[in-house]
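Structure first, then comments.
We did not get these values from a lab; they are worked out from the coordinates using the rules stated. Note that this is a predicted model, so its numbers are computed, not measured. Counting neighbours? That spans all protein chains shown, and the Cβs are built from the backbone with ideal geometry, glycine included.
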Amino acid sequence: MSNLSLPNKPVDWFRNTITLAIAVAVIWSLIGLEIKWERLIDLPGDLYVIGTLMFGEMNIEDFPDLVGAMWESISIAWVGTLIAALFAIPLSFLAAENLVGRPLAWLIRQVFNLLRAIPEVILAVALIPIFGLTPLTGVLAIGIGSIGTLGKLFYEVIEAIKKEPLEAADAVGANKLVRFRWGVVPQVMPEMASFVLYRFEVNIRASAVMGLIGAGGIGNDVAQALRFNDWSVAGMGMLIVIFGTITVDAISGAARKQIIRGSSAKSLTPVEVQA
Amino acid sequence: MITFRNVSVEYRPGEKALDDINLEIQEGEFVVIVGLSGAGKSTLIRTINNLVPITDGELQVDGNSVGDLSRSGVRKLRSRIGMIFQGFNLVDRATVIQNVLMGRVYKLPTWRNVFGAYPKKDKQIAAKALNRVDLLEKAHSRATDLSGGQRQRVGIARALSQEPRVILADEPVASLDPPTSHAVMQHLQKINRDLGITTIVNLHFLDLATAYGDRIIGLRGGKVVFDGKGSECTPEIFEGIYGRSLTAEDTLQEDI
Amino acid sequence: MQASELKIPKKPGLRGSVMFSISFAFVLTIVTMITVEFSLLEIIENFTRPNMVVDGLLSPDLTQIFSERSRSAFLETLQLAILGTVSGGGLSLLMAFWATDFGNPIGWLRVVVRNFNNVIRSIPDLLWALLFVTAVGVGILPGLLALFFFSMAVVTKLTSDTLDGIDQGPIEAARASGSGQLSMLRMAVLPQILPSYASFLLYGFELNLRASAVLGLVGAGGIGSRIEFFRGRLEWSEVWGLVLMFFLVVFLVERLSVTIRRRLV
C-alpha cells in the first residue's frame, strides 16, 4: 500500500496574523504594566476577611437609611428615564427615514450616536461641579445619557411600521398631522412604552453605580462605607442594591409583558447592540 | 363622471404602467377591472384619487382635472372618494369605530381628529356606515381582534363614512376565503345599488367579475383590451385579456 | 332612513388594570420627583450660569495627548483592557462549558457554576473596581482585577447562550466513536462556537476599554486616574481634552474590532 499524502493545508493568513497580534499585545501589556503581582497572593485571604466583615454581622439599625437611599436611586433612575424619553420621542421621529428626509435623519442620528458614546459616569463627573453632590446630578446624567439609546431604539421601531394605514390616511384626505396621529402613533406607542420601562431597569443599575462617585443614591452610602471601613453597612448596602434591582426588574418586566400582550406588539426586549 | 383621455403612467422613464388609457365611467356604474397582476389594475385605480400621479394625458374626476390639483385640492378630491384595500389598511390597535371615523377626517378640524373628539353628527354617520355592513355591535372592539372578512367590512364602512361619490376597491377579496369574498362583494353591490355610488373594483377572479360587474374592463400590459357588459364576457374573451388559457387559479370556485 | 337615530353600543370603560397602571405611573412620577428634589428652575439657572465645566468643554486642551504622563496613562488603559480581556475572556470559555450539561456531567457543580455566573454578572464594573481598591489598595492591580471579572461575566453569558444553541449531532457522533470528554469538546463543540466566541472576546475588549475610563475615578489606574487628577485640580480644559482623546481611541478601536468581527462571523 502506497502512502497517501494529504493535500497541503492552506495557510490561513487572517487567523495567523490575529493570533500573532494578540500574543504580542499580551506580552507588551505584561511588560508595560507595573503590577505588584505579589499582592495577588494575599487577595483570597483578604477577600475572605472583607466578606466576613461585610456579610458576617449586620446591624438592623442601618436598614431604614439604606432602603431610603435605594429608593433615592430608583427615583433618580425613573425621573432620569422620563426626561430622556421626553427628548428622545420627538427627536426619534425626526431620525426616522420613512418620515423625514435623509439629511435630517442622518444629523439626528449622529446626535444620538454621540450621546450614546458618553458613559453616564463621565456625565456625572462633569455635572457635579454644576449641581453639587445632589440627586439632581444623577437625574440629569441619566437623562442626558439615555437619550441616545432610547432615540435609537425608538427610530428603529418607527422605521418598522406598516405603510398600509398611512396609505389609508392619504386616501381619505388626511393632512400631515392627522396622518401622523392615526397612521404612525398607534403603531409605535406600545413598543415605545415598553422600551422606556426597559431603559428604566438598566438605569437603576447606572444610578446605583453613579452614587459611587457622589451623584446621589445608595452608591454614595456604599462608597462612603467602604472608604471608612464601615464593612457591615457596605455589605448590607450591596445586598439591598441586588434585592432592590431584582424586585423592580420583576415589576417592570411584568408591566412590559402586559403592555405587549395588550397590544399584540412585536418585541418585549430590544435587541442589544452586540456581536 | 370619470374620464380618462390618453392617460399614461410611467414609474421609471420608458416603463409604462399605464399606456394611453381612454375610458368614460358614468355616475352610478359598477365597474370591475380584470387583468393579470402587473397589468396595471392597481395603478389605474390609484390614479383616480391621485395616490399615483399621472405622467401624461388628462384625467377628469367629478369635474376636477386630477393632474392640475393643488395639494389641498387633492385632499378635497380624496375626501369624496372612498378606497378599499386588499390588506384592509386598518389602524390595528385602534377600535373599529375609530377606524370608521377616519373617513370623517377631511370634514373635521385637525384638533378633533388628533384628540379623537368627534361630534355626534359624525358619530351617527360612522354608526350608519357600520350598521350597513352589520358590524355595529363590534364598534368598540379592536381592529386586530376581528376576522379577515369583518376587517374588510370595517374598511368598507370607513369608505362609506366619507359619504363618497366614488368607491375604489383594490382587490378587496384577495386575502379572503370564498364565502367571505361573496359576502364582501354583495355588500359592495348593495351599496352601489342603494346609494348610487360609482364603484370601481379590481378583481382577478373571473367568476366574481362576471357575477358582480355590470361592466368589465380588461387590462393587459397597461392597455385597455376589453370594455363591455359583464354578461357578454365569455371565457374566450378572458383568455384574450390574460393572453393565455384559463386555469383553476383564475376562479374563486374550483369548478368553472 | 335619516329619521331613525342609530344607537352606538356604549363605550366600555378603561379596564381596571389599565386605570391602575396609569395612576400608579403618575403617583410614582410625583413621588420620585419629590425624592430627587426635582426643580426645573434650578436646572435652567445652573445651566445658564457661567461655569468652568462648560467653559472647559468649549476650549478643550487637545495637547494632552503630547504630554508624557497622559500618554502613558492611555497606554496603561489599553494594556489593562488587553490583559483583562484575555484573562477574563479566556477563563469564561471554561466557565461557559462548565455551565452546560455536556460540558459538565456533575449536576451540583453545574448549578454552582451557573449561580456564580449570575452573581458576578449582577455586579457593575465600577463596584468591582471599588471592591478591589478596598481589598488590595489603590493602583493598577484592582483595575485589572475589576476588568477580569467584568469581562468574564459578559463573555461567559454570551458564550453560554451560544452553547445552548449548538448542533448536538457532532457531540453524539464524538461520543459514539468513543472519544473522551476533553477531545469531544475539542472536536465537536469548539469548532462550532469558535467564531462567535472570538467575536465576543472583541466585544468584551470594547466594553473593557470603555470601562477602564471610569475605573480610575475610584483609584483603579488607567486614563481615569488622569481624568480624576485634573478634575481634582479643577482643570476642565484638560479633563475634556482627555475625554475627547479617549473617545477618539475608543472609536478607532471599535472600527477595527467591528471590521474583524464581521470577518469572523
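Only residues that are over 17 Å from B:A211 (Cβ atoms) and without any contact (Cβ under 8 Å) to a residue 40 or more places away in the chain: list them for the stretch B:227-242, please.
Once the filter is applied, which keeps residues that are over 17 Å from B:A211 (Cβ atoms) and without any contact (Cβ under 8 Å) to a residue 40 or more places away in the chain, the stretch B:227-242 yields B:E236, B:E239, B:G240.
Those residues that are in contact (Cβ under 8 Å) with a residue 24 or more places away in the chain, more than 12 Å from C:F97 (Cβ to Cβ) and not hydroxyl-bearing (S, T, Y), I need them from the stretch C:172-199; list them, please.
Scanning the stretch C:172-199 gives C:Q192, C:P195, C:A198.
Could you check the stretch C:1-91 for helices (runs of 4 or more DSSP H) lying wholly inside it with 3 or more residues that are closer than 24 Å to C:V249 by Cα and either of a type in the set (D, E) or at the interface with chain A (Cβ under 10 Å from one of its Cβ atoms) (or both)?
By residue number, C:52-58.
Among the residues of the stretch A:56-70, are any facing chain C (nearest Cβ under 10 Å) and either under 17 Å from C:M33 (Cβ atoms) or in contact (Cβ under 8 Å) with a residue 40 or more places away in the chain (or both)?
Yes, there is a match, as at least one residue in the stretch A:56-70 is facing chain C (nearest Cβ under 10 Å) and either under 17 Å from C:M33 (Cβ atoms) or in contact (Cβ under 8 Å) with a residue 40 or more places away in the chain (or both).
Restricting to the stretch A:29-43, give me the number of residues that are in a helix (DSSP H, G or I), within 10 Å of another protein chain (Cβ to nearest Cβ) and not small (G, A, S).
6
So which residues in the stretch C:239-265 are surrounded by fewer than 19 Cβ atoms within 10 Å (Cβ to Cβ), farther than 21 Å from A:L115 by Cα and within 8 Å of another protein chain (Cβ to nearest Cβ)?
Scanning the stretch C:239-265 gives C:I260, C:R263, C:V265.
When you look at A:F93, is it over 27 Å from A:G216 (Cα atoms), among the hydrophobic types (A, V, I, L, M, F, W, C) and within 31 Å of the chain's Cα centre (by Cα), yes or no?
The answer is yes for A:F93.
May I ask you to say which residue of A:R205, A:R256, A:R199 is more than 26 Å from A:A96 (Cα to Cα), within 18 Å of the chain's Cα centre (by Cα) and of a type in the set (D, E, K, R)?
A:R205
Please go through the stretch B:105-155 and pick out each residue that is within 13 Å of chain A (Cβ to nearest Cβ), surrounded by fewer than 16 Cβ atoms within 10 Å (Cβ to Cβ) and closer than 21 Å to C:K7 by Cα.
Correct list: B:G116, B:A117.
Could you check B:M102 against (1) touching a residue at least 12 places away in the same chain (Cβ under 8 Å); (2) surrounded by fewer than 24 Cβ atoms within 10 Å (Cβ to Cβ) and say which number it fails?
B:M102 satisfies all of (1) touching a residue at least 12 places away in the same chain (Cβ under 8 Å); (2) surrounded by fewer than 24 Cβ atoms within 10 Å (Cβ to Cβ) except (2).
Name the one entry in C:V249, C:V239 that is out of contact with any Phe, Trp or Tyr (no Cβ under 6 Å at 6 or more places or on another chain), in a helix (DSSP H, G or I) and β-branched (V, I, T).
Residue meeting the stated conditions: C:V249.
Restricting attention to the stretch A:164-182, which residues are of a type in the set (D, E, K, R) and in contact (Cβ under 8 Å) with a residue 12 or more places away in the chain?
A:R179 - this is the single residue of the stretch A:164-182 that is of a type in the set (D, E, K, R) and in contact (Cβ under 8 Å) with a residue 12 or more places away in the chain.
Out of curiosity, is B:S147 touching a strand residue (DSSP E or B) at 6+ places or on another chain (Cβ under 7 Å) and hydroxyl-bearing (S, T, Y)?
no
So which of C:L202, C:L234 ends up being surrounded by fewer than 19 Cβ atoms within 10 Å (Cβ to Cβ), in contact (Cβ under 8 Å) with a residue 40 or more places away in the chain, within 10 Å of another protein chain (Cβ to nearest Cβ) and of a type outside the set (F, W, Y)?
C:L234
Quick one: count up the residues across the stretch A:123-156 that are surrounded by fewer than 24 Cβ atoms within 10 Å (Cβ to Cβ), within 10 Å of chain C (Cβ to nearest Cβ) and of a type in the set (V, I, T).
The qualifying residues number 3.
Any idea which residue in the stretch A:236-247 is nearest to A:F200 (Cα to Cα), counting only those that are surrounded by 15 or more Cβ atoms within 10 Å (Cβ to Cβ) and within 11 Å of chain C (Cβ to nearest Cβ)?
A:T245
Counting residues that are hydrophobic (A, V, I, L, M, F, W, C) and in contact with a Pro (Cβ under 7 Å, 6 or more places away or on another chain), which helices (runs of 4 or more DSSP H) fully inside the stretch C:92-195 reach at least 1?
Answer list for the stretch C:92-195: C:125-136.
Among the residues of the stretch A:215-224, write down those that are more than 10 Å from chain C (Cβ to nearest Cβ) and either surrounded by fewer than 22 Cβ atoms within 10 Å (Cβ to Cβ) or assigned to a helix (DSSP H, G or I) (or both).
The answer is A:I218, A:N220, A:D221, A:Q224.
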